[in-house]
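The structure appears below as structure tokens.
Only the coordinates and a few stated rules stand behind these numbers; no lab work does. Not measured: the values here are computed from a predicted model. Every residue, glycine among them, receives a Cβ derived from its backbone with ideal geometry; neighbour counts consider all protein chains shown.
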Amino acid sequence: MDAMDRDPSATPRALATEAVHAGREDLATLGLHAPPLDLSTTYPSYDARAEAARIDEFATTGARLDGPPVYARLDNPTVARFEEALARLEGAEAAVAFASGMAAFTAVLLARASQGLRHVVAVRPLYGCSDHLLEAGLLGTEVTWTDPAGIADAIRPDTGLVMVESPANPTLAEADIRALAHSCGSVPLLVDNTFATPVLQRPVEQGARIVLHSATKYLGGHGDVMGGVVACDEEFARTLRQVRFATGGVLHPLAGYLLLRGLSTLPVRVRAASSSAAELVRRLATDPRIARVHYPRIGGAMIAFEVYGDPHDVIAGVRLITPAVSLGSVDTLIQHPASISHRIVAEGDRRSAGVSDRLLRLSVGLEDVEDLWRDLTQALSAPPAGPPLEAGTAARTAGSAATPWPVAR
Ligand SMILES: *Cc1c(COP(=O)(O)O)cnc(C)c1O
């Protein structure tokens, strides 16, 4: 096989193939099957003059170093494999990985602010902590909240970014990315693609310039690795690498290894969980205990629904489903956004963004759909609970159901 045959740009490959092979093309020539995990923090070199030249090169361009890294905060070969694979799956020129989704978003904001563009236009709802980071102005940025129709009017000369999540966390509201990108003009549109993953949606193809992921969710996929990644053009990636080097929010190489492994099963996991989610949506939609079901047109494994009863009773009532924040794991997770994922957003802002107090968010995993339905339906019928009982406790504490939830049929 000559180099041409291995050139990834030579023949376009299907997503499922890229998921398994991208970032790993050199392994067979290295005589390896699994990717190597490089945990080095530093890299020996007897030629300090050459190192000086490489450091100068990085400081001026932000391009990835040729040859071994100098220091782990600058670059890591295992993480680079994950970045290469994710860029390929998103159809982007490059990707830059970070310690978490929030570290990735922080780097984007700092990169734009360093270019004098401190203003952000954003559409609610966003993930609670993204909303908080913008609203609190912790990084010296300023935000204008708008709906998609108001974007063009909200843009100012110092606007560095327009941000949207689609489907959004937690309401699963969808944006027309192509139309939004058009309204942005020359300002880059950032799409948080955590919920859809590149399996269901590739925002770059629709005009988004920056794609953000909490890799902690579907990309990792097993609830055991935290990371974030930005897919973008090489020019912006260079600035992001310089910001990462200077601020230190690097992805740990073991996390990079696990994320690369997670990508290989991403299409299979997302499709399987999405088909269970679609079935649960069909059943919830006709269930008299459910006031409203939110499910995006593009599908996916996330469901949001509003209950007539007390959402806290549903959380307390699940037995198979895991009552926990986060999403995208192999097991099904349920949480109450107003109490947890979006607690940090002011109540009024939360409500006006459609995050009602009766809303529950379900991240459908890979269990058998009948087992999931059995658990969900019994939890929906659960009597008012209060705090979960400890094993061996015979009776529920009197008064724990003191706040009856008003029924709004
Ligand atoms: C979880 C999440 C984030 C933040 O990612 P972390 O990895 O937890 O820092 C950002 N956006 C969305 C949509 C998320 O769900």
Residues meeting the amide H criterion for R292 (H placed from the backbone, H to H distance under 5 Å, 5 or more places apart or on another chain) are E306
Here the relative contact order (percent) of the chain, from C-alpha pairs under 8 Å and at least 6 apart, is 16
Over its alpha-carbon atoms, the range 12-265 yields an Rg and a Dmax in Å of 18.0, 59
Quick note on T78, T247, T146, ordering by fewest other C-beta atoms within 10 Å, gives T247, T146, T78
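Where does each of L30, L263 land when they are ranked from fewest to most other beta-carbon atoms within 10 angstrom? Walk me through the numbers before you get to the answer.
Details: L30 10, L263 28.
Ordered by Cβ neighbours within 10 Å, fewest first: L30, L263.
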Charge dipole of the chain built from unit charges on the beta carbon (Lys, Arg +1; Asp, Glu -1), centred at mean Cα; most positive-end Cα among V108, A379, G91 is A379
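Taking neighbour Cβ counts within 10 Å as the exposure measure, how do W373, W145 sort from fewest upward? Don't jump to the answer; show the numbers that get you there.
Numbers: W373 15, W145 18.
If I rank by nearby Cβ atoms, fewest first, I get W373, W145.
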Percent antiparallel among DSSP beta bridges confined to the range 267-398, nearest 5, equals 85
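Over the Cα atoms of the range 1-150, what is the Rg over Rh ratio if Rh follows Kirkwood? Walk me through the numbers before you get to the answer.
Numbers: Rg = 19.4 Å, Rh = 18.7 Å.
We get a ratio of 1.04 for the range 1-150.
What is the magnitude of the charge dipole of the chain about its Cα centre, with +1 placed on the Cβ of each Lys and Arg, -1 on the Cβ of each Asp and Glu, and no other charges, expressed in debye to the nearest 20?
Dipole size: approximately 780 debye.
Can you tell me, using C-alpha contacts under 8 Å and at least 6 residues apart, the relative contact order of the range 263-332 as a whole percent? Each step should come with its number before you reach the end.
Working: 58 pairs, mean separation 17.9, N = 70.
Relative contact order comes out at 26 percent.
When the helix-only estimate is applied to the chain (DSSP H runs of n ≥ 4, each -39,500 (n - 2.57), divided by the residue count), what is the mean residue ellipticity at 222 nm, nearest 500 deg cm²/dmol?
Details: 15 runs with 153 residues, N = 409.
So the helix-based figure for the chain works out to -11000 deg cm²/dmol.
Under the rule a/c < 1.5 gives rounded, and otherwise a/b versus b/c splits prolate from oblate, where does the range 267-398 land using the Cα gyration tensor?
Values: a/c = 1.61, a/b = 1.17, b/c = 1.38.
Because a/c hits 1.5 or more and a/b fails to exceed b/c, the range 267-398 counts as oblate.
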Length gained, A278-S45, 0.36 nm per residue minus C-alpha separation, equals 78.4 nm
Of all DSSP beta bridges having both residues in the chain, the percent classed as antiparallel (nearest 5) is 55
